[in-house]
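Have a look at the structure below, then the notes.
The values are calculated or read from the model by the stated rules, or taken from the named source; none is laboratory data. Since this is a predicted model, take the numbers as computed values, not measurements. All Cβ positions, glycine included, derive from the backbone under ideal geometry; neighbour counts span all protein chains shown. Calculation scope for accessible area: heavy atoms of the full protein, side chains included, ligands and nucleic acids excluded. Shrake-Rupley method; radii C 1.70, N 1.55, O 1.52, S 1.80 Å.
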Amino acid sequence: MLVDAHCHLTGSYLAEAEIEATLDRARQAGVSGFVAVGTDLEDSARVLGLARTVPGIQASLGVHPHEARTWEAGTEAALEALVSDPNVRFVGETGLDWHYDLSPRDQQEAVFRAQIRLARRVRKPLMIHTRSAPGDTLRILREEGAEAVRGIIHCFSEDRAFAEGALELGFYLSFSGIVTFRKAEAVRAVAAWAPEDRILVETDAPFLAPVPYRGKPNEPGFVRYTAETVAELRGVAPARIAEATTRNLEALCGWAPAS
Ligand SMILES: [Zn+2]
């Protein structure tokens, strides 16, 4: 049994008419749990609707660093109302993206800090997006006391030094299709080395499909290829990675899907 620790199933990411068939294919591939992630307030409301009604889905709600510019006076209170629902297991995705810079950096930082404080108020772990900003991400997590709630470094794409800093703060490392790309040597090395009780697997669907679907739209059922690659890199059976990652998600957020 596998859990996809981070996927997008709403709005522009996946047509509503496709959800059922997509989840059926995933279940046939042995994936029975899905953490569906919201990227702005409107998307987060849609994700919560799914988590409330579809078995096996729980929500992670927040404002993505790309969308930080949409954060306005009422956003924090509205998001707090949404994340207080028991079907919401994480706050985010939130973080810093200094690769694309789609929102001004000062605004990304302010919105990131606000969501760490929110996570601490509602006592739920964080879902972190970080790109080209490893040092600042760790510094802000430390300054805001994020180890009180911990969380997931989603779509892990950094190196071992960053991984060590994140693990020190109690965070979990979630590996995506990137580990199946031969050239992603630093990420593959971390996947081979990271403590077994701190690893997760995800698709980040519809992005970053693993080999053998690289370049095609990604979907939660493909998380098995990522889990198989992590197992291969660590020299263990795929079933062991499936069990460990399912157990780890439960240890972090208190939820495991019914088998
Ligand atoms: Zn995402």
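Checking the stated criteria, residue 198 turns out not to satisfy the condition of being buried (at least 17 other Cβ atoms within 10 Å of the Cβ) and at positive phi.
Yes/no per residue for (1) open to solvent by 30 Å² or more (accessible area, probe 1.4 Å); (2) among the hydroxyl-bearing types (Ser, Thr, Tyr); (3) within 16 Å of the ligand (Cβ to nearest atom):
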| position | (1), (2), (3) |
| --- | --- |
| 2 | no, no, no |
| 10 | no, yes, yes |
| 16 | yes, no, no |
| 21 | yes, no, no |
| 26 | no, no, no |
| 39 | no, yes, yes |
| 50 | no, no, yes |
| 79 | no, no, no |
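Starting from residues that are within 16 Å of the ligand (Cβ to nearest atom) and part of a loop (DSSP other than H, G, I, E, B), keep the ones in segment 139-157 and report whichever is most open to solvent (accessible area, probe 1.4 Å). Selected residue: 157.
Looking only at residues in segment 124-138 that are assigned to a helix (DSSP H, G or I) and either of a type in the set (A, V, I, L, M) or touching a residue at least 40 places away in the same chain (Cβ under 8 Å) (or both), which one is most open to solvent (accessible area, probe 1.4 Å)? Of everything passing the filter in segment 124-138, 136 is most open to solvent (accessible area, probe 1.4 Å). Within the set 233, 173, 208, the sole residue that is in a loop (DSSP other than H, G, I, E, B) and of a type in the set (A, V, I, L, M, F, W, C) turns out to be 208.
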